[in-house]
Amino acid sequence: MYLIASAVAPGFRPVFGGPEHRLEGRCHLIQPPCRPKATLGTMIDLKQLRENPARFALGAKAKGIQVDIDTLITLDAQKRQFLSQVENLRAEQNREAKEIGPRIGKLKGQLKGKHGEEARVIELEIESLSAKPIQRKAGVQELESKLAELDPKINDILLAVPLPPDADVPLGTSADDNVEVSRWNPPGFDTAKSFESQRGFVPRNHQEIVKNLRLADFERGVKLAGSRSYILSGDGMALHHAVLRYAVDFMTYKQGFRPMSVPVLVKEEAMIGTGFFPAGREQAYLVDEKRRTGGPEGYDLFLTGTGEVGLMGIHMDEILDESQLPIKYVTVSTCFRREAGAAGRDTAGLYRIHQFDKVEQVVICKADEAESRKWHKTMIGYVEQILQSLHIPYRLLQCCTADLGPKNADMVDIESWMPGRGEVAAKGGAPTGAYGETHSASRLYDFQCRRLNTRYRAGGGGPAKGDITFCHSLNNTVLASPRFLIPLLENHQNADGSVNIPEPLRPYMNGRDRIG
């Protein structure tokens, strides 16, 4: 059976590999799949799944996603059987169409001058031959009806099958099993030591800083829009735009990415195609246009949680030329997340909020694992350059299998050091500081491009020249604000309550070097 669950023995951190890993324990149910409103490309490569169902079964198990691979294989076999029967019946139809007409014509000729029982025998044979095409047609229609019933069932399961994690991704049951890869500290600061011992004063958290400098208004934000809402004001709004503009300019003018504006209200097929539905459906805000318009021609819209959706959707249902690859896009867009399931977690401040702005980078490249891996490292390197230029301490975390989500073969999180985060050492004492996620870089191979039907015509060197192949895709957060304002404000605060503005941001702040 390939009904999938996942777990790892306590304290055990193997990498995802062959079937020798024994994975037992807790399961994570994904949301019931939604049906595409429009024709999407292939989801998972069914040929690969038929040849090696254990790979997909173990992959889902390692990710903690429950999906019934056995049922999928059974339904797929039924579909192929029905398709074969339809093909055979249509072949019979074509053959009989060539034979029956002449035979009926010949019988009608023989009928002339015949009477009684002799005529009746010929008439019955004509009736029998005339009924055969009708019978064949009815048989085809019955099989087509069965296929029509099978397709939604197959698609629903296919939409839930995750991309198996790469073999070198560590196994785990939650984000707690993510593995630290490296750390970077700016000159003169060490996150292993207390902020106070290095800077000479107890750090304020970002909520204190924004209140004292009037950078944000949480009370009025909640009054306007409910929990997890805020209003940036004055220098807070200016700094927010400064970091976004710096990130866009860095990616555009220094790294050669093409800046794009993309819709933040998208159709359901864009969310399905990029892999955010069905598993992440509960995190998205729905604009219920179909019910409101009341017509079959209407369709719902969804607020996106990342510019990745719009960037990847640009080339949906397109065949690109290999010479166009790699495509490098960057966007800045407002993002919306319901934060379902996050009740009680980071409810105050700017860390976990419903609306924010994000600079997102996307690369669409050739179907080559080595090239995808190379781009993954390169894209992470862009973010490291930005963080280092702003003197923000950070660390790289290799995400474990359970933290990848359905669509990623690999993912690396970048966490920035936030001095005001973490446990308070004693009553009235200083917070210990802690890392908090600010960026995430994902490698997806052809998972999204299959669902979006984004392909390219090979020019040689990989697939055979002229072959049409699904592209690979990658994405990475360049910078998300106002969350990024937390490490920026907390790391650059001064004893007198002011905040230094890092040099790269000063041109975007009218040349100023300090707030407060």
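Bear in mind these aren't lab numbers, they're just calculated from the coordinates by the rules spelled out. Because the structure is a prediction, the values reported are computed rather than measured. So basically every Cβ, Gly included, is an ideal-geometry build from the backbone, and we count neighbours across all protein chains shown.
Over the C-alpha trace of the stretch 190-341, radius of gyration and Dmax come out as 20.5, 66 angstrom. Taken along the Cα-to-beta-carbon direction at a fixed 7 Å, the label points for GLU297 and ARG457 span 3.5 nm.
Listed values for the stretch 213-219 are Karplus-derived 3J(HN,Hα) couplings in whole Hz (6.51 cos²θ - 1.76 cosθ + 1.60, θ = phi - 60°), namely 9, 6, 8, 8, 10, 7, 4, and x replaces Gly and Pro. The order of the peptides 325-333, 307-315 by mean Cβ neighbours within 10 Å, most packed first, is 307-315, 325-333. Phi-derived couplings, Karplus 6.51 cos²θ - 1.76 cosθ + 1.60 at θ = phi - 60°, listed residue by residue for the stretch 192-201: 6, 10, 6, 4, 4, 5, 9, 10, x, 7 Hz, with x used for Gly and Pro. Computed 3J(HN,Hα) for the stretch 84-89, one whole-Hz value per residue from the Karplus formula 6.51 cos²θ - 1.76 cosθ + 1.60 where θ = phi - 60°, is 5, 5, 4, 4, 5, 5, glycine and proline marked x. In this label model, LYS211 and SER227 are separated by 2.0 nm, measuring between points 7 Å along each Cα→Cβ vector. R0 = 51 Å: FRET efficiency of ARG373 with GLU219, Cβ-based, nearest 0.05? The formula returns an efficiency of 0.60 here.
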